[in-house]
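Read through the structure below, which is laid out as structure tokens, and then see the notes.
The values are calculated or read from the model by the stated rules, or taken from the named source; none is laboratory data. Everything quoted here is computed from the prediction, not taken from an experiment. Here the Cβ positions follow ideal geometry from the backbone for every residue, glycine too, while neighbour counts run over all protein chains shown. Ligands, DNA and RNA are stripped out before the accessible areas are found, and what is left, the full protein with its side chains, is counted by its heavy atoms. Shrake-Rupley method; radii C 1.70, N 1.55, O 1.52, S 1.80 Å.
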Amino acid sequence: MKKSRVLISMVILALFASAAFATTFVTIGSGGVGGTYYPLGGVMAELLTKGNVDIKATSRSTAASKENCRLVASNKAQIGMTMGSTLYQAYTGTEAFKDDGKLPLLTLMHMYAAPQHLVTTTRTGIKKFSDIKGKKVSLGAQGGGDQLLSLMILDAAGMDPDKDLRKQQLSQPEAVTALKDGNIDAAFFNFAVPGSAVMEIAAVRDVVLIPLPDDVIAKVTAKHPFLMPYTIAKGAYSKQDQDVKTVADGNFLVVNKKLPEKVAYDMVKIFIEKKEDIMKVTPQAVDFTPQKAGIGIIPFHKGAAKYFKEKGVNVESK
């Protein structure tokens, strides 16, 4: 009897060990509390854990893009959320990552775009991009992502922000207040559509979104491959009756090159096919479709590429 009990116990332990061995444990590097990445990480971890694919996932609050790229590269996290500009630097080992070298990262999927908004009000008389010359324009906070993208756009347009504009360097909340009060003429913002900053201004002023000229879009995207042409569709904001052409920085999920193919396939499949669950947390998940998720600036993981191919979307992979 004792031998039978011992044998049964050993079998049970073996089964548990086998199950544990088959399970892949995943940490998702998200972002700070209050940002879009943080709740996304939580719902994604829950979906993976409940997805019947032998994955157990947790989400980790981080300093977002730069930290996430380094965490994934060192396998301290298995999925990371990052802006495209940061991802491109990490993959190429340039700028912020010049001391790191090229990090072993691949794209799992594109989540959503963050287009650059050039916002003014009807009181300023600004109707086209060239009208901002000589005006008081906020480029975004010094060193922030808004300002970096603003400077890239101005450079492509052949404008010197110190000579051609009355340059302001305001944070998003500061620029919103300044536009509402008429203390600046226009402001650059970078965020997903619809942006709460634009809606806040529109609550008290007639907002005008200024499109970027086609040649500026072509030049800035050619010089900075992580940027993509983007159209803010008419109706995205109150009283916006025309499409507005601009450029966008993407937001991506990245993984390590060494991640098993099946794990990558299962993860992207769950995120896209459970889009409705993710949209309960953030409206940005509306872009979790094979066509939009298959937009890349660096190669995709083979597992992700396999899923996209099944859905009729061919992507570059490694």
Might you let me know whether segment 227-237 holds any residue that is within 14 Å of the chain's Cα centre (by Cα), open to solvent by less than 40 Å² (accessible area, probe 1.4 Å) and either within 24 Å of LEU149 (Cβ to Cβ) or of a type in the set (Phe, Trp, Tyr) (or both)?
yes
Please go through segment 255-284 and give me each residue that is open to solvent by less than 30 Å² (accessible area, probe 1.4 Å) and at pLDDT below 95, ordered by number.
THR282, GLN284
By residue number, the members of segment 93-107 that are aliphatic (A, V, I, L, M) and either open to solvent by 10 Å² or more (accessible area, probe 1.4 Å) or at pLDDT below 95 (or both) are ALA96, LEU103
Collect the residues in segment 303-318 that are more than 16 Å from MET267 (Cα to Cα), at pLDDT 95 or above and either open to solvent by 100 Å² or more (accessible area, probe 1.4 Å) or in a helix (DSSP H, G or I) (or both), keeping them in residue-number order.
ASN314
For segment 19-48, which residues satisfy the criterion of being free of Cβ contacts under 8 Å to residues at least 12 places away in the same chain and either under 23 Å from the mean Cα position of the chain (by Cα) or on the phi > 0 side of the Ramachandran plot (or both)?
GLY34, GLU46
Residues satisfying the stated conditions in segment 104-133, i.e. in contact with a strand residue (DSSP E or B) (Cβ under 7 Å, 6 or more places away or on another chain) and of a type in the set (Gly, Ala, Ser):
ALA113, ALA114
Segment 274-285 residues that are farther than 19 Å from ALA236 by Cα, paired with ones that are small (Gly, Ala, Ser) (beta carbon under 7 Å, 6 or more apart)
LYS275/ALA285; ILE278/ALA285
Consider segment 142-160. How many of its residues are modelled with pLDDT under 95 and either within 26 Å of ASP214 (Cα to Cα) or β-branched (Val, Ile, Thr) (or both)?
9
Do we find a residue being more than 23 Å from GLY296 (Cα to Cα) and assigned to a loop (DSSP other than H, G, I, E, B) anywhere in segment 86-98?
no
